[in-house]
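J.: The structure that follows is given in the form of C-alpha cells.
The values are calculated or read from the model by the stated rules, or taken from the named source; none is laboratory data. Please read these numbers as outputs of a predicted model, since none were measured by experiment. Cβ coordinates were reconstructed from backbone atoms using ideal geometry, including for glycine residues, and neighbour counts include every protein chain displayed. What goes into the accessible areas is simple: the full protein's heavy atoms, side chains included, and nothing from ligands, DNA or RNA. Shrake-Rupley method; radii C 1.70, N 1.55, O 1.52, S 1.80 Å.
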Amino acid sequence: MKRLVPALYGLAALLMSSVAAAQPAPAEGDFSVAGFTLASGQILPELRMHYRTLGQPRRGADGRVGNAVLVLHGTGGTGAQFLSPQFANELFGPGQPLDTARYYIVMPDNLGHGGSSKPSDGLRAGFPEYGYADMVEAQRRLLVDGLGVDRVRLMLGTSMGCMHIFVWAEAHPDFADALMPMACQPTAIVGRNRLWRTMLKDAIRSDPAWAGGDYAAQPVEGLRTAVDLLLLAGSAPMAMQQDLATPAAVDDWLAAQQARRIPALDANDLWYQVNASHDYDPSAGLERITAPMTWINSADDFINPPELGLAEQFVPRIAGVRYRLIPNSAGGKGHGTHTWAAFWKADLVDLLTRTED
C-alpha cells in the first residue's frame, strides 16, 4: 500500500495523523488561575490549563517530585499528539527511554490550544493577545501551583514547544535537569519564517466572513489559504516527490487535506496561535542556559532550513549543548520529524544518560 505523505506535526493539530492513540490512556485534568496577568498587562479573567499525565510523581526524602518530564507541543497542537504511536510507542513503554513506570509525564494543552483557555471559548477576538512568555508562565503555574512540581528531570519540546524550551531555559535556568528542544532556532522569527506566518494571519482577517472575529460561520476562504500555507510549511520535499508522483496525485491529496482539515479549525484560535510568536527572541540570553541540552533539527525542514547557518552561529554560545541535524532522506517527515521518535530516540537516551545523578 502506498505510504501517506507525512503531515506537519507541531504546527497544528489539524496536521496530525488520524492513527489511533497508543496505550496506556493518560489521566486528564484542568488547573485554573483567576486573573492571570499577561506580560502586556492585560488580564485574562480565568486561565484554564488542560493537561494529560502518564505515570505517577515520585517524591524524594525532601518531599520534592524528582521524576517529572514536561513535554511541550507545537503551534495548533495539543498534548494528545504525543500519544500517537510514532511517539508514544517508541518512548513510553516498559524499558523505553521515558518508561511511564519510572517517569511522570506531563503533557499540557498550552494557552490558546486544545482544552485550555482560548478565543473560541467565548471572548473571540476580544481574547488578550498572548505571547510565548505568557505561555511559559502558564506552564510554570500549572507545574508548580497545580501539580506540585518545582523541577523537572527533562523538558522536551517540538516546534513551538522547542522555542518554549529556550524561553524556559533563560527565564528559569535551574528548573530542568536536561533540555531537548526539537525543530526550532533560538532567534527572532524573521525572513521566510515570518513571511508565511504573516500571510496566514492576513488570509484569515482579510476574509470578509471573518467579520471582526464575530463570525457566525467560519471564514472558509481564509482558512483554505491558511491550510495551504501550513501544508507547505510542513512539507517533506523528497517524500512528496516520491509519493505525489503525478499531477493527479498532487491534486487529489490536496483536496483530501482541505476537506479533512478545514472543518477542524477555528479562525480566531488559529490566528492567535500563529501570532503568539511575536515576542520570541532568546538570542541575546543564550549564555544564561546552564542545563545540559540536546538540540535536534532536520535538514528537510521548510521552517528551519539548515542553509541559514543559524545553529552554527548559536551553538558556541550554549554551554553543555549537543546539536544534531537529521539528514534529508526519502523517508523524511519535514518539519514533523520532531514527532517521529525513531529519528532521535538514541539522542534522548544519550541525554538522559549523561544527566543522571
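J.: Calculate, in nm to one decimal, what LEU308 and MET199 gain on full extension: separation in residues at 0.36 nm each, minus their alpha carbon distance.
T.: Full extension from LEU308 to MET199 adds 37.1 nm.
J.: Given an 8 Å cut-off on Cα distances and at least 6 residues of separation, report the relative contact order of the chain as a percent.
T.: Result for the chain is 21 percent.
J.: So between ALA248 and GLU221, what do we pick up on full extension, going 0.36 nm a residue minus the alpha carbon distance?
T.: Working: separation 27, 0.36 × 27 = 9.72 nm, distance 2.28 nm.
Taking ALA248 through GLU221 to full extension adds about 7.4 nm, to one decimal.
J.: Compare the peptides 296-308, 90-102, 154-166 by average per-residue count of other Cβ atoms within 10 angstrom and give them in order, highest first. Intermediate values should be presented prior to the final figure.
T.: Details: 296-308: 19.4, 90-102: 17.3, 154-166: 27.7.
Put in order of decreasing packing, that is 154-166, 296-308, 90-102.
J.: Please name whichever of LEU156, PRO173, GLN96 sits farthest to the positive end of the charge dipole of segment 22-178, dipole taken about the Cα centre and charges placed at Cβ: Lys and Arg +1, Asp and Glu -1.
T.: GLN96
J.: Might you tell me the accessible area per residue for segment 106-187, computed with a 1.4 Å probe and given in Å²? All intermediate terms of the calculation are to be shown ahead of the outcome.
T.: Working: 1820 Å² over 82 residues.
Ligands and nucleic acids excluded, the figure is 22 Å² per residue.
J.: So, one more: Report for the chain the percent antiparallel among DSSP-assigned beta bridges with both residues inside it, nearest 5. Mind showing how you got there, number by number?
T.: Details: 15 of 35 bridges.
Approximately 45 percent, going by the DSSP bridge assignments.
J.: Still on this structure: Please give the Cα centre distance for segment 26-84 versus segment 122-185, rounded to the nearest Å.
T.: Each part reduced to its Cα centre gives a spacing of 9 Å.
J.: Let me ask something else about it. Sticking with the crude label model, points 7 Å out along Cα→Cβ, report the distance from LEU232 to ASP357 in nm, one decimal please.
T.: The two pseudo-label positions are separated by 5.2 nm.
J.: Starting from 0.36 nm per residue, how many nanometres of slack lie between ALA34 and ASP99 once their C-alpha separation is accounted for?
T.: On the way: separation 65, 0.36 × 65 = 23.40 nm, distance 3.47 nm.
Here the answer is 19.9 nm.
J.: Counting heavy atoms of the protein chains only and a 1.4 Å probe, report the per residue accessible area for segment 235-297 as a whole number of Å². Could the numbers behind the result be given before it?
T.: Details: 2680 Å² over 63 residues.
Ligands and nucleic acids excluded, the result is 43 Å² per residue.
J.: Percent of accessible area on segment 256-357 owned by carbon and sulfur, 1.4 Å probe? Don't skip to the end; give the middle numbers.
T.: Details: 2350 of 4180 Å².
C and S fraction of accessible area: 56 percent.
J.: When the chain is treated as a GNM, springs tying every alpha-carbon pair under 10 Å, which of THR187, THR53, THR339 comes out with the largest mean-square fluctuation?
T.: THR187
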